[in-house]
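Student: A single structure is presented below for examination.
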Amino acid sequence: MTSRINIGRPASTSYHSPDPHGFANSRPSTGYRAANPDHPLERIRAVAKQVEDAIEIYSQPLKPHLPTIGRFLIIVTFYEDALRIMTQWNDQLWYLQTHRFFYRGISHLFLLLNVITMLVASSAVIMKRHTEYAVIGLLSVVVIQGFGYGLMFDLTFFLRNLSVIGGLIMVFSETMINKKKSFAGIPSMSETDRKKYFLLAGRVLLIFLFFGFIIQGEWNIGRVFVSLFGLAACTMVAIGFKAKWSATFLVILLSVFNVFANNWWSVHSAHPQRDFLKYDFFQTLSIVGGLILLVNIGPGGLSVDEKKKTY
C-alpha cells in the first residue's frame, strides 16, 4: 500500500518550497487580467449589465408577442392614413386638384390606389403573408405620397419617412426567405449576408426620426438633456453597441414624447393642427414598432455586439 501511495507523489520530498509547480512565474502574462471594480468604466459596465438583465427578465412575458406588436405598430400609420383619406375624400381631392394640379380622374385614381395598397399590404404584413411584396407596396406608397403631396423636400417629413422606411426594412429582414435560385459563375449572397445588411440599413434609418426632433421646436434645458441622451442612444443603435438596451431606451423615450408632444386627442376636431398631430403620432408609433423588432431580433452581424461575441 505504501508503494502505491508513493507512485502518485513527485520525486522530490520537499513540499515546503514556495512554488513547487511553477505557478509563481515572474514573466509577464499576456492573458486575461481581472479588471479593477473601482474603475469608473467598470462601474458603468456593471450598471449596464444590471439594466440588461432587468430588461431580459421583465420582458420575458412580452417576448413571444414582440414581433406581432412591432409589426402592428409599424403599419398602424398606414391604416390611419387610409382611414383619413376615406373620411376626408373630398378635401383630399380638392387639395390635389387645386394645389398639386392633378387632373380630375388622376386625383381619384391616385387616392384609390393609395388606399387599396395601404389596406391590403398592411393586412398582409400583420398576417405574415407575402410580406416581401407587402413591404415593397408600402415603400412605394411612402415615396409616391411624398411626391404627390409635395412634401418630399420638407426636411422634417423626409427624416420621419426615412425612419418609417427603416421600420419596414426591419420587417423585411425579419421575414426574409432564402431564394435557392442561383446562376453559375455569379457569386450569390446567402440569406445570412442579406439579412445582416438589411438589419444594418434598417437600424440606421430608424434613428432619423430623432434628428427631426432635434432640429424642430424650441430649446430648453430639458430638451437639451433629452437630445443628448437620445443622440447617444441613436449612435449606439446605429453602430450596434448594446443595441437592445439602447433601442429599449428609445422605445420608452419616444413613447413618452409621443403622448405629450403629439396629443391630438386634446385638440378640437375642427382645428387644422389636429390632423398634423395625429399624423405625427402614428408615424412615431411606426418607428417605435421598428425599434421593438430590433429589440426582438437583435442588431445583426454588422454590429459591435456581434463582433464582440466572436472574440
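Every read-out reported here was derived from the displayed coordinates using simple, explicitly stated rules and does not represent laboratory data. The structure presented is a predicted model; accordingly, all values stated were derived computationally and were not measured. When we count neighbours, we look across all protein chains shown, and the Cβ atoms used for this are built from the backbone with ideal geometry, even at glycine.
Student: Using mean Cβ contacts within 10 Å as the protection proxy, how do 83-90, 279-286 order, highest first? Spell out each step's value before the answer.
Tutor: On the way: 83-90: 13.2, 279-286: 21.6.
Ranked from most to least packed, the peptides come out as 279-286, 83-90.
Student: Now a separate question. Test of understanding: ordering LYS307, LYS242 by Cβ neighbours within 10 Å, fewest first, what list do you get?
Tutor: Values: LYS307 12, LYS242 22.
Least to most surrounded, the residues fall as LYS307, LYS242.
Student: Follow-up question, since we're still on this one. Once phi is turned into θ = phi - 60°, what whole-Hz ³J(HN,Hα) does the Karplus curve with 6.51, -1.76 and 1.60 give for every residue of region 108-124, x standing for Gly and Pro?
Tutor: Ordered by residue, 3J(HN,Hα) equals 4, 5, 4, 5, 5, 5, 5, 5, 4, 4, 5, 5, 5, 5, 5, 5, 5 Hz.
Student: Could you bin all the Cα-Cα distances of region 93-159 into 5 Å bins starting at 0 and give me the percent of pairs in each, rounded to whole numbers?
Tutor: Once binned at 5 Å, the Cα pair distances of region 93-159 give 4, 17, 22, 20, 18, 12, 6, 1.
Student: For region 260-277, in order, what is each residue's ³J(HN,Hα) by Karplus, 6.51 cos²θ - 1.76 cosθ + 1.60 with θ = phi - 60°, in whole Hz (x at glycine and Pro)?
Tutor: Values per residue, Gly and Pro as x: 8, 8, 10, 7, 5, 5, 8, 9, 4, 4, 8, 6, x, 6, 4, 5, 5, 5 Hz.
Student: Further question on the same structure: Arrange the peptides 291-301, 131-141, 253-263 so that the one whose residues have, on average, the most other Cβ atoms within 10 Å appears first.
Tutor: Numbers: 291-301: 23.7, 131-141: 18.6, 253-263: 14.5.
For the peptides 291-301, 131-141, 253-263, the packing ranking is 291-301, 131-141, 253-263.
Student: Among LYS49/LYS196; LYS49/LYS244; LYS63/LYS128; LYS244/LYS307, which pairs are too far apart, with a Cα-Cα distance over 22 Å?
Tutor: Details: LYS49/LYS196 25 Å; LYS49/LYS244 12 Å; LYS63/LYS128 18 Å; LYS244/LYS307 15 Å.
Among LYS49/LYS196; LYS49/LYS244; LYS63/LYS128; LYS244/LYS307, the Cα-Cα distance tops 22 Å for LYS49/LYS196.
Student: Would you order ASP305, ASP53 from fewest to most other beta-carbon atoms within 10 Å of each residue's own beta-carbon? Mind showing how you got there, number by number?
Tutor: Values: ASP305 18, ASP53 10.
Neighbour counts put them in this order, fewest first: ASP53, ASP305.
Student: Okay, next question. When the Kirkwood hydrodynamic radius is evaluated over all pairs of different C-alpha atoms of region 265-311, what value in angstrom, to one decimal, is obtained?
Tutor: Across region 265-311, the inverse of the average 1/r is 13.5 Å.
Student: Quick check: from the Cα gyration tensor, does region 246-288 come out rounded (a/c under 1.5), prolate or oblate? Before the final figure, lay out the partial values.
Tutor: Details: a/c = 4.67, a/b = 2.49, b/c = 1.88.
The shape class here is prolate.
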